[in-house]
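Participant: One structure, pasted below without further comment.
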Amino acid sequence: MSGAAPDSKTAPDGRGSKVLILNQYYVPDVASTGHLLHELAVELARLGFEVEVLTGRPAYGPPETWQDCPLRETVDGVKIRRLKVARFDKNFLPGRAVNYLTFVVPMILSMLFRSRADTVYLYTTNPPFLGAIGALVCLFRRHHYVTLLHDAHPQVGVWVGTFRHGSLIERVWTWINQRKYNRSRETIVLCKAAKKLVNETYGVAEDHIHVIPNWADGESLFPMPKAESSIARQHAFIDDFVLLYSGNMGLYYEFETVLAAAELLRDEPFKLVLTGGGGKKKWIEEEIKRRKLTNSITLPYQPFDKLNESLNACDSSLVTIADGIEGISFPSKLYTSLAVGKPIVGLSEPWSELREIIERNECGVWAELGDARGLADRIRELIADPARAERMGARARQVFERGYTRQICAAKYAEVLRLADPALPADEREAMRERIQRELAAGAAVEVNNAPGQTPDP
């Protein structure tokens, strides 16, 4: 699918199309997927779709974040129906299982008895086995659904070591997934590696798998000079070159390389700032102390109303993805980093799509996981040439505006949902699918071309 911004005159028209989005979390819950799906639902409604959401009541974060919400309401043109799910601590495994069951069992019953043949159902992977409901309902009713893959299971379980490759759990889960994906009318994934995984693992035809990235809010997130950020001033970030990581410091991300690079840059005008929380934060703080990294600090998550100032309190943004995880997941923090117009410092495997986006668009620098010296050298290049870093930052925002706004991504979702709509005439469906494939064959991609007379940075 093309990365260029859809023309408002040719954007998919959802009039007459009904969509029901299924996900365990939705605003005002704090889960990021719930916020993304809310933005998607509102944009689809704006495009003319009749949109409904089936979800649970807020339960993702700590109890103090749970807000009282009506079980039925309409917000921004979207009908919301919430199930009264259990709300045990998700870090307590039996409690999480009960939370899942109290969400999934009523949802199965609702789909079995209330599913409509004129509606397209969008199943997410939250909880991981949610899309299997669609495959089950198809055995009993005319049920048209699209699968949205955020995190790939059981691959995640094997990667983190919850169960081993080839185990009974993995084989059964893969068998269920095979039916889920092959009964799905279309599948949406976040990156090309995920498309390859679905195609090769489950035998889904490539023209039924659509790469649509996540997005950021380009209205609330925008470029501003570091010196204007109150957070940069508060923490004395003004004089040094600041590399900022913002978000979850979890298993999917690699920090050893950047900490080793910080050691190499110890006596230079450089500061590493890691903002957020997650399972690796304590280890990071211990490593900073053990290595005596006076040029590295951690900060807590910043209030939402300070997010733009926080993301702009730097000279460049760090985006990293751990070895072996791309395709299983993809770092959405790339899009917020692009939105604020900071040059990206990417850390990944050599074949990564993250590297491709950065280098093809000249919107930052890249280093391979484990290559601390190479990373330090790339950072030195940015420090030594502020004008080049500024150009990369400007291109980052251009890349964002061409391919990663919620309006552009929602228009791509609309196209896929129209493909899955049973009311769409077969000849129109095939013509639409052929057009999408022509765009892909022509190499359509999110890309910023050099302006006339402009040459790429060396």
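All of the numbers you see were taken from the coordinates with simple rules; none came from a lab. Predicted model only: the values in this text are computed from it and were never measured. Counting neighbours? That spans all protein chains shown, and the Cβs are built from the backbone with ideal geometry, glycine included.
Participant: At 0.36 nm per residue, and after removing the present C-alpha to C-alpha distance, how many nm does the segment from GLU200 to ALA97 gain when stretched out fully?
Facilitator: Full extension of this stretch gives 34.1 nm more.
Participant: 5 Å is the cut-off here: which amide hydrogens, built 1.01 Å from N in the peptide plane, fall below it relative to SER296, excluding neighbours closer than 5 in sequence?
Facilitator: It is LEU272, by chain and number.
Participant: Local charge sum around ILE358 (other residues, Cβ-Cβ under 11 Å, Lys/Arg +1, Asp/Glu -1)?
Facilitator: Local net charge: 0.
Participant: Right, next: Under 23 Å from the Cα of LYS18, which lysines turn up, not counting those fewer than eight places away in the same chain?
Facilitator: Cα-Cα hits under 23 Å: LYS9, LYS79, LYS180, LYS412.
Participant: Quick check of the Kirkwood formula: for the range 216-334, what is the inverse mean of 1/r over all pairs of different Cα atoms, in Å?
Facilitator: 14.8
Participant: Separate question: Label points 7 Å out from Cα along the Cβ direction at ARG360 and ARG438: separation in nm?
Facilitator: Output for this residue pair reads 2.1 nm.
Participant: ASP371 to GLU64: FRET efficiency via 1/(1 + (r/R0)^6), r the Cβ-Cβ distance, R0 41 Å, to the nearest 0.05?
Facilitator: Given R0 = 41 Å and the Cβ-Cβ separation, E is 0.45.
Participant: May I pose another question? How high is the relative contact order of the chain, given as a whole-number percent (alpha carbon pairs under 8 Å, six or more residues apart)?
Facilitator: Computed over the chain, the figure is 17 percent.
Participant: Using the Kyte-Doolittle scale, find the helices of the chain whose mean hydropathy is at least 1.0 and whose Cα atoms extend 24 Å or more along the helix's long axis, counting only whole DSSP H runs.
Facilitator: 93-114
Participant: Work out, step by step, the length gained on full extension between ALA394 and THR174: first 0.36 nm times the residue separation, then minus their alpha carbon distance; give nm to one decimal.
Facilitator: 74.9 nm
Participant: Another question about this same structure. Quick one: length gained pulling THR294 to ASP217 fully straight, 0.36 nm per residue minus the C-alpha distance?
Facilitator: Result: 24.3 nm gained on full extension.
Participant: Using amide H atoms built in the peptide plane, which far-off residues or other-chain residues are under 5 Å from GLY247 H to H?
Facilitator: Correct list: THR275, GLY276, GLY277.
Participant: Name the residues whose placed amide hydrogens come within less than 5 Å of the amide hydrogen of VAL75, ignoring near sequence neighbours (fewer than 5 apart) on the same chain.
Facilitator: Here ILE80 satisfy the definition.
Participant: Can you give the FRET efficiency for ARG46 and GLU263, using 1/(1 + (r/R0)^6), R0 = 56 Å, r = Cβ-Cβ distance, to the nearest 0.05?
Facilitator: Here the calculated transfer efficiency is 0.70.
Participant: Sticking with this structure for a sec: Straight-line reach from LYS281: which lysines have a Cα under 18 Å away, not including same-chain ones fewer than 8 places off?
Facilitator: Straight-line reach from LYS281, under 18 Å: LYS271, LYS289, LYS292, LYS333.
Participant: Rg over Rh of the range 271-401, using C-alpha atoms and the Kirkwood radius, what does it come to?
Facilitator: 0.94
Participant: Just to be sure I follow the definition: excluding the sites themselves, where is the longest run in the chain that has none of the chymotrypsin sites (Phe, Trp or Tyr not before Pro) in a DSSP loop with at most 13 other Cβ atoms within 10 Å?
Facilitator: Longest site-free region, per DSSP loop and neighbour criteria: 141-350.
Participant: If you don't mind, another one. Could you pull out the longest piece of the chain with no exposed loop trypsin sites (Lys or Arg not before Pro) in it, calling a site exposed if DSSP puts it outside H, G, I, E, B and it has at most 12 other Cβ atoms within 10 Å?
Facilitator: Between exposed loop sites, the widest span is 293-458.
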